[in-house]
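What follows is a short report on a single structure.
The values are calculated or read from the model by the stated rules, or taken from the named source; none is laboratory data. Predicted, not measured: the structure shown is a model, and the values here were computed from it. As a convention, Cβ positions derive from the backbone with ideal geometry for all residues, glycine included, and neighbour counts pool all protein chains shown. Calculation scope for accessible area: heavy atoms of the full protein, side chains included, ligands and nucleic acids excluded. Shrake-Rupley method; radii C 1.70, N 1.55, O 1.52, S 1.80 Å.
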Amino acid sequence: MKIISVSKHTIMNDAVKLTMSKIIAFMISLITAMLLSRFRTLKEYGTYSQIILVMNLTISIFMMGLPNSINFFLARAEDGKEKGRFLSVYYSLSTILSFFTGLILIISAPLIVDYFNNPFIKNFIYVLAILPWTKIILSSIDNILIVYKKTTCLMVFRILNSMFLLLIIWIVEVFNWGFGMYMFLFLIVEVVFTFIVYIIVKNMAGKIKICFDNKMIKTILKFSLPIGLGNIAGTLKAQLDKLVIAGFYDTEQLAIYTNAAREMPITFIVSSITAVLMPRIVCLLKKEDKYNAIRLWSDSISFSYLIICFFSIGIFTYAPEVMTLLYSEKYVSGVPVFRVYSLVLLFRCTYFGIILNSAGKTRAILHSSALALVSNIILNFIFYYLFGFIGPAIATLVATLLSATYLLYATTKTIKIPFKNIFPWKKILYITALNIGFGIAFSLFKQLIPLEQTFGEVIESIILGLIWGFVYILLTFKFMRTKWQALNKG
């Protein structure tokens, strides 16, 4: 009798593990943000936001899209030796570039202080020097463990990292230490986990060494540079509104805008599915099986959008209560910005460049990012003068729409599939209409049912949101299960 073994590494099994780890890590990071928002002053939290903003922009410029090469080259590697060679080159190159990034930030420190008009940043030059290295190396572990099918290991790693970051907030508060000590301990935790990444990769690859293979570096850069330039444009687009706010408002107002513009990390569902989907799509396109690649992508979009649309409209409906719960009442003035960013979530249902990236057609991704950046720069200033504090957020929403549309158009041209068939338009419209209907209905329920008199505004919104979610699951469960099964078959 022939025994057929079924691989446990289906798309959705791996995605569930990743999503579970991201949910737990998200809950811990959410508690971290809540505690920081409450225990630290607006000035301190604004300074922290400025440091992270500058670091993210600098990393995107000097890393040249290298992290995006991991999925592509490891998925295509024929054997363990080839994988080990790639990892040796990758970590040698990325480590050198990350330390160079830190050096640039040290040199640029006076300019950073002047732009934000915040001398407090001078106390954290050492953070600007070292944190880029930790962030760059830590960002690589997700894709590597996914390609090696070590999603359980990734889950444990991310949860431990998040728990230690939460622990240091508790320690600082218990011993009544200042913000400077928190930043120091935060950096120490990140450094320790960065060294752990090197150890994990070395154990999986068998051996990694310092290696600068010119031929492989050229091959990697040929693939990653267009994406890297696109990432620079994308990061600038994503951070541009904060830069504009930082230029026109003080550190405290930037702190409010930063929390209001923080996209709720419900997109961990999408990032998990995309992370395990991309290697499969790479293989399908390598075999020139474009129709199955598109079908697989379409199923993932429908499944993800079903979940994201619910949260997006729900957050929009109950935005004041959500902001109060997350960050305290001192951030409630940012509710209009928070609502705009809840709509931006709708475009996070997928990575719109996944087919282009998997096919190695990265130039279109660059063009899309450039389009989004240019439009965002123009719209940021126009909308700021038209709408004030909320204007840059509206500019981000419009620029995101333009970028997604362009990537879909470029995908149709690349794989020769009609625009109407490249995206599950009818399903998306149905899900959107359903959630808008729920949003209107439950907004009216909130006004008509005086639960806030007994429980308060926040608890009332939580109760109504749970009822909304329960009814929504009942209505969409069959559709969700169908898409789940389709993805597992993929």
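A few remarks follow.
- Solvent-accessible heavy-atom area per residue, rounded to whole Å², over the chain at 1.4 Å: 45 Å²
- Residue-span extension gain [Leu475 to Thr41] - 0.36 nm each, minus C-alpha spacing: 151.8 nm
- Listed residues Phe303, Val127, Thr101: farthest to the positive end of the dipole of the chain (Cβ charges): Phe303
- Largest to smallest accessible area among Tyr327, Tyr291 [probe 1.4 Å]: Tyr291, Tyr327
- Selection from Ser37, Ile313, Leu346, by position along the positive dipole direction of the chain (Cβ): Leu346
- Options (i) 22.8, 70; (ii) 22.7, 75; (iii) 27.4, 91 - which one matches Rg and Dmax of the Cα atoms in Å as calculated here: (ii)
- Residue-level accessible surface for Arg38, protein heavy atoms, 1.4 Å, Å²: 100 Å²
- Area of Leu346 that stays accessible when all protein chains are in place (1.4 Å probe, Å², to 10): 30 Å²
- Mean sequence separation of contacting Cα pairs (under 8 Å, at least six apart), scaled by the length of segment 122-208, corresponds to a relative contact order of 42 percent.
- Accessible-area composition of segment 242-318, carbon plus sulfur, in percent [1.4 Å probe]: 60 percent
- Separation between Cα centres of segment 187-205 and segment 264-336, rounded to whole Å: 28 Å
- Estimated inter-spin distance, Arg363 and Leu448, nm [label 7 Å along Cα→Cβ]: 5.8 nm
- Positive end of the dipole of segment 317-454 (Cβ unit charges, origin at the Cα centre): among Asn421, Val335, Gln447, the Cα lying farthest that way belongs to Asn421.
- For the pair Lys413 and Leu111, a Förster radius of 51 Å applied to the C-beta separation gives a FRET efficiency near 0.80, rounded to the nearest 0.05.
- Maximal additional length on extending the Lys222-Thr152 stretch stands at 22.0 nm, based on 0.36 nm per residue less the C-alpha distance.
- Ignoring aspartates and glutamates fewer than eight residues from Lys215 along the same chain, the ones with Cα atoms less than 19 angstrom from its Cα are Glu78, Asp79, Glu82.
- Distance between the C-alpha centres of segment 470-490 and segment 348-363: 25 Å, rounded to the whole angstrom.
- Of the whole protein surface, Leu434 contributes about 40 Å² of accessible area at a 1.4 Å probe radius.
- Cα centroids of segment 168-183 and segment 379-423: 42 Å apart.
- Inter-label distance for Phe381 and Ile61, nm, one decimal - labels placed 7 Å from Cα along Cα-to-Cβ: 1.9 nm
- Electrostatic tally near Gly46: other residues with Cβ closer than 14 Å to its Cβ, Lys and Arg +1, Asp and Glu -1, net +2.
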